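The values are calculated or read from the model by the stated rules, or taken from the named source; none is laboratory data. Keep in mind it's a predicted model, so treat the numbers as computed, not measured. Positions of Cβ are backbone-derived with ideal geometry, glycine not excepted, and every protein chain shown enters the neighbour counts.
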Amino acid sequence: MKQQISSDPGDSEQRKSNIGVRMTILYAIIYSGFVVLSVFMPTLMGVDALFGLNLAIAYGLALIIIAIIFAIIYNLMVRIPKPTNASHRIKKSNAERSKE
């Protein structure tokens, strides 16, 4: 069965918006971890974490890298068209054409 692409631009924009909102919420959760550590456990942020960097620097770099990865994932996800159940309508229109 061949999947059909939705031609309604509103569906596409809604899908992009949903993906963007979900990724923003996920990033906000990750970022809030950084803020919570900075505010409530500032001494922990000074502990050596990776490659001689303290946790604050390592976490900050990880946030930047995660943001770039999210941007790439978002770009790839919005390029993939959402399939619809239009195959039934196409079969019906093809059957009507064959009757003519």
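Look at Ala86 and say whether it is surrounded by 11 or more Cβ atoms within 10 Å (Cβ to Cβ) and modelled with pLDDT of 85 or more.
No, not satisfied.
Might you check whether a residue that is in contact with a Gly (Cβ under 7 Å, 6 or more places away or on another chain) and at pLDDT below 95 occurs anywhere in the range 65-78?
Yes, the conditions are met somewhere in the range 65-78.
Where residues in the range 1-23 are in a helix (DSSP H, G or I) and surrounded by 13 or more Cβ atoms within 10 Å (Cβ to Cβ), which of them is modelled with the highest pLDDT?
Met23
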